[in-house]
Amino acid sequence: MSIICGIPLLECVYCLACARWAWKRCLHSAGHDSETWGLATAEEFDPVPRLCKYILAVYEDDLRAPLWEPPGGYGINPDWVILRKTYEDTRGRAPPYILYLDHDHCDIVLAIRGLNLAKESDYAVLLDNKLGKRKIDGGYVHNGLLKAAGWVLDAESEILKELLKKYANYSLTFAGHSLGSGVAAMLTLAVVLNQDKLGNIERKRVRCYAIAPARCMSLNLAVRYADVINSVVLQDDFLPRTATPLEDIFKSLFCLPCLLCLRCMRDTCIPEEKMIKDPRRLYAPGRLYHIVERKPLRCGRFPPVVRTAVPVDGRFEHIVLSCNATSDHAIIWIEREATRALNIMLEKDQTMGIPAKQRMERQETMVREHTEEYNAALQRAVILAVPHAMSHSRYGTFEEQKQDEELTEDDSSKSSGESSFGSSRQSRPKENWDELIERLFEKDESGHMVLKKSQRDK
């Protein structure tokens, strides 16, 4: 009798659990993803609308006679376009792009267009991947996007090298949208890891703006390269939020809502700790800029607000079930809302009447705060035990460092005729997490944990 009475009770518990899940998922808005982040300033967000226009210009056949252009034009001087590559030029190895010498902003810009639904070559780039297929710098990346970036770098390395040498005070910026954003992020990764390819360019001269970014690199890489890679996301955009492999997304493009709902249900059942510990799970790269312009249970668009951070946990892990999930991915809307957001920031600055000297001081403060936030993100990645959270080349990857030391002691013990594994374990004392963090970090005058100078110089 008790068993029979227990069945309705279990059904009620199950129904309540399902109702609670549906309530939480339906009420989860894009604003929840970045509600704890700080507000971006006009100085740091200034390049975004301009670079969006440069990406849109790649779609034009002739910049001197554009068929369509946003209000105010593309802002491009056709005489400053160094080269432009079409699908015929790239032979389908990479999306079309332009190389633009922006003298007004002392910038060398390589802008890459997004996915072309009519081109099989773009799908070939997306389909050339399998989780865990390509490992680089202690992390995992999308294989097809990295190969496309490698092709672009090989094709344009000489001209980029000449331009960087000729304009020594110019920065090098890679920008792309959607598919192009992944290629731009991989280009940045390749250049930073192979600085001699472009004449030993300094890391601080390289930057990337991934607009509506694809999830193309593992969490440790996404955090470690946050000082050079920036991702811009408009409100409910689906692509940075779903960990579904890119090839599955675009194979299911015409049934995307069904795919997102199924992925949403699946991710709800996976603990976030397990997601973070998965070294092959891909993420949106670098520092994130989130443009928020809609509020839950309210209609219409509001004045956009831009929030920014270098998050480790909660990095756009939850899919937003929204009718705008695909429209917010469009580069046209991103350019419009980014321009609106920047104009609002500039108006506030003019209203406050900030003098030029204070503007410079504020910019220096912003750079310092970004550095502190970047170091804090690295430290949090270590605390959360993100696999290979620290770069081997600059700071020393804890896990790889242990393996290297064991291999070194292995070789020495083998040469002396000793048992390899036992002797290395006995000879080297284990180091716990607290000792490792203490060895790499120190407190500054304000009490914040920052990397030691000896580690930053490596």
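Please verify whether Asp196 is over 25 Å from Tyr123 (Cα atoms) and without any contact (Cβ under 8 Å) to a residue 60 or more places away in the chain, treating the condition exactly as stated. Yes, satisfied. For segment 77-97, filtering for residues that are closer than 19 Å to Ala149 by Cβ, in a helix (DSSP H, G or I) and among the aromatic types (Phe, Trp, Tyr) leaves 1. Could you count how many residues in segment 301-357 are part of a loop (DSSP other than H, G, I, E, B) and over 13 Å from Ala40 (Cα atoms)? Summing the residues that are part of a loop (DSSP other than H, G, I, E, B) and over 13 Å from Ala40 (Cα atoms) in segment 301-357 gives 23. Selection over segment 190-219 of residues that are more than 11 Å from the chain's Cα centre (by Cα) and over 22 Å from Val367 (Cα atoms) gives a count of 10.
Only strands (runs of 3 or more DSSP E) whose full extent lies in segment 98-171 are considered here, and the ones with at least 1 residues that are modelled with pLDDT of 95 or more and of a type in the set (D, E, K, R) are 107-112.
The set of residues in segment 172-181 being modelled with pLDDT under 95 and assigned to a helix (DSSP H, G or I) consists of Leu179 alone. Each residue in segment 341-361 was checked for being open to solvent by 50 Å² or more (accessible area, probe 1.4 Å) and either within 25 Å of Val233 (Cα to Cα) or polar (S, T, N, Q) (or both), and 7 pass. Residues of segment 75-85 include none that is at pLDDT 90 or above, among the hydrophobic types (A, V, I, L, M, F, W, C) and more than 29 Å from Asn169 (Cα to Cα).
Quick check: is even one residue across segment 295-303 in contact with a Leu (Cβ under 8 Å, 6 or more places away or on another chain), farther than 30 Å from Lys348 by Cα and modelled with pLDDT under 80? No: segment 295-303 contains no residue that is in contact with a Leu (Cβ under 8 Å, 6 or more places away or on another chain), farther than 30 Å from Lys348 by Cα and modelled with pLDDT under 80.
When Val320 is tested against (1) closer than 15 Å to Arg294 by Cβ; (2) free of Cβ contacts under 8 Å to residues at least 12 places away in the same chain, just one condition goes unmet, and that condition is (2). Looking across segment 77-107, the residues that are of a type in the set (Phe, Trp, Tyr) and under 27 Å from the mean Cα position of the chain (by Cα) come down to Tyr87, Tyr97, Tyr100.
The values are calculated or read from the model by the stated rules, or taken from the named source; none is laboratory data. Quick caveat: nothing in here was measured; it's all calculated off a predicted structure. Neighbour counts are summed over all protein chains in view; Cβ atoms, including those assigned to glycine, are modelled from backbone coordinates with ideal geometry. Just the protein is used for accessible areas: all its heavy atoms, side chains included, with ligands, DNA and RNA removed. Shrake-Rupley method; radii C 1.70, N 1.55, O 1.52, S 1.80 Å.
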